[in-house]
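Since the structure comes first, as structure tokens, the remarks are kept for the end.
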Amino acid sequence: MNEHMLDEDRYVYVLSDPRTGEARYVGETHNPARRHAQHANGTATMRTWAWSRELRVKGLRPLMRVVETCRSRMESRAAEREWIRGLSASGAHLLNRRMATSS
């Protein structure tokens with residue numbers, strides 16, 4: 001079995017701007033604390049790098065909120081797409097490159 005298909009708790013999270021509370025990114029991970037540190041330090045993805053850097057210069061960090069717990073990576077990827085779709089539909093200006101309709 002592929003290691004990415006093993007059942008393990010996965011978490012869907014939303015990163016928000018601490019200045020405005022606006023949702024800026026949706027992601028999924030098996031380790032929220034480590035992933036939050038990666039985003040806060042600007043080492044997560046190029047998609048969030050400039051925004052994270054802007055916050056760091058001001059002494060701020062993105063806010064992370066776990067919005068869903070899933071039993072597998074397949075389930076968390078589907079949930080992530082749904083959160084992206086829902087937040088985008090409500091007007092959020094997300095930094096995600098992965099579109100809500102992609103697989």
Give the long-range amide H neighbours of Asn96: residues separated by 5 or more places, or on another chain, with amide H under 5 Å away, using H modelled in the peptide plane at 1.01 Å from N. Val26
Find the relative contact order for the chain and round it to a whole percent, using C-alpha pairs within less than 8 Å whose residues are 6+ positions apart. 36
Once you order the gyration tensor axes a ≥ b ≥ c over the Cα atoms, which shape class does the stretch 9-52 get: rounded for a/c under 1.5, otherwise prolate or oblate by comparing a/b with b/c? oblate
Quick check on the chain: helices-only [θ] at 222 nm, where DSSP H runs of length 4 and up contribute -39,500 (n - 2.57) each and the sum goes over total residues. Nearest 500, please. -11500 deg cm²/dmol
Which residue fluctuates the most in the chain, going by a Gaussian network model with Cα springs under 10 Å, if the choices are Pro62, Pro32, Pro18? Pro18
Magnitude of the Cβ-charge dipole of the chain, K/R +1 and D/E -1, about the Cα centre, nearest 20 debye? 480
Taking only C-alpha positions in the chain, Rg and Dmax in angstrom work out to 13.5, 45
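Each reported figure results from applying straightforward, stated rules to the coordinates on display, with no laboratory input. If you're wondering where the values come from, they're calculated on a predicted model, not measured in any experiment. A quick note on method: Cβ atoms are made from the backbone with ideal geometry, for glycine too, and the neighbour counts reach across all protein chains shown.
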